[in-house]
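First comes the structure, then the notes that go with it.
The values are calculated or read from the model by the stated rules, or taken from the named source; none is laboratory data. Treat the numbers as computed from the prediction; the structure is a model and nothing was measured. Because the Cβ atoms are built from the backbone with ideal geometry, glycine has one as well, and the counts that use them run over all protein chains shown. Areas reflect the complete protein model, heavy atoms only, side chains present, ligands, DNA and RNA absent. Shrake-Rupley method; radii C 1.70, N 1.55, O 1.52, S 1.80 Å.
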Amino acid sequence: MSVSAVPVAEPAALPALTAAPDRPFGLYVHVPFCATRCGYCDFNTYTAAELGGASPEGWLAALRAELRLAAAHLGAAPAVSTVFVGGGTPSLLGVAGLTEVLDVVREHFPLAPGAEVTTEANPESTSPEFFAGLRTAGYTRVSLGMQSAAAHVLRTLDRVHSPGRAVDAALEARRAGFDHVNLDLIYGTPGESDDDLRRSLDAVLAADVDHVSAYALIVEDGTALARRVRRGELPAPDDDVLARRYELIDSHLAGAGFSWYEVSNWSRPGGECRHNVGYWNGGLWWGAGPGAHGYVGNTRWWNVKHPSTYAAVLAQGRLPVADFEVLDADTAHVEDVMLRVRLRTGLPQAVLSDRERRRATSAIEDGLLRVEDDALVLTHRGRLLADAVVRSLLD
């Protein structure tokens, strides 16, 4: 089947939803466009050859339709505390496109006073004029994909930006008036050395950012990277190396005044990404765009993936929901533990059952958790074994 012949499946009928006034509400907007496909990426993104007639203009029209239907479905559009435009490569829309995205949001949802408004950006599709335009439009935060300062690591990841461009872009964003600028790093890429990572961290600190996200490389099934590993062209990431690199990152950033507030995220005081904190703390959000996920009440849903299908469903006046699930109390509890234990603020002991508290005592004795203000907080060693800590509490 050609991409242009993507079928319009019958969308799922989303249950009635009501945003709780005592919980933060966010909007995530997914931009599905990329200039090229990075070898490690399994996100719902499309290059020009894969769009099958879909276009940024058609996507924007469909987004407007989805947000109009979303506000109606919620009964009364809640005030939005955070907006996050992700992808994909939102910066490919340019200032005009990203300004229109925010205009569409404001058209259907009121922004709360002091709302955080973030967009992701690829360093190569930005400029001083781009950042100045975003500030004028009302964006308050920008997140740049750096991944590494080592040219050979970027080549392995199939990244197209030059090693120094991410730092230049971050400095341009700061000069344009952005108080909150994030750089993303990926560590553990085959061929990366400890010195490569140190140089990347030094470059991050030279960029004057207030937030750093650092993620261990994961070889996702179906990606070009996975095929290269399977053929033996590249070694799979080594767990011991990943742990050593994490410790290097944490030490380097701590020495420069950054503190971890989530296992993979560090910030200077006040630089935390409020949108992502909302995810980890059980906040509510509407996910708009092809393949976007949303969560309101106890219902989680996900949209149809292809931009052509997304637009076609909305043209029929229906929400583009591929499917949904209603979380029962046990499932919601498991997810609450999984997410909140990753935060520096910790997991309140009050949310645990008696049996889980006894298991937490064992994790404390093993040096994986400590108690702070009646919350369970991961120790340094616990952060390296966060998934195992969760299993020890819940299994």
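What part of the accessible area of region 212-282, given as a whole %, is carbon or sulfur when the probe is 1.4 angstrom?
Its accessible area is 49 percent carbon and sulfur atoms.
Extension gain ARG199-ALA76, at 0.36 nm per residue separation less the Cα-Cα distance, in nm?
Stretched out fully, the ARG199 to ALA76 stretch lengthens by 39.3 nm.
Among all cysteines in the chain, which have no other cysteine Cβ under 4.7 Å from their own Cβ?
CYS34, CYS273
For the residue pair GLU107 and ASN281, what label-to-label distance in nm results when each label sits 7 Å from Cα along the Cα-to-beta-carbon direction?
3.2 nm
Pop out the carbon and sulfur fraction of the accessible area of region 1-149 as a percent, whole number, probe 1.4 Å.
Values: 3460 of 5910 Å².
Whole-percent figure for carbon plus sulfur exposure: 59.
For every helix of n ≥ 4 consecutive DSSP H residues, a contribution of -39,500 (n - 2.57) applies; sum these over the chain, divide by its total residues, and give [θ] at 222 nm rounded to the nearest 500 deg cm²/dmol.
-11500 deg cm²/dmol
With all protein chains present, calculate the accessible area of CYS34 using a 1.4 Å probe and round the result to the nearest 10 Å².
30 Å²
Ignoring ligands, DNA and RNA, what percent of the accessible area of region 314-378 is carbon or sulfur (1.4 Å)?
Carbon and sulfur atoms account for 48 percent of the accessible area of region 314-378.
What accessible area per residue comes out for the chain, rounded to a whole number of Å², with a 1.4 Å probe?
42 Å²
Can you say what percent of the DSSP beta bridges in the chain, counting only those with both residues inside, are antiparallel? Round to 5. Walk me through the numbers before you get to the answer.
Numbers: 23 of 56 bridges.
If I count the DSSP bridges inside the chain, around 40 percent turn out antiparallel.
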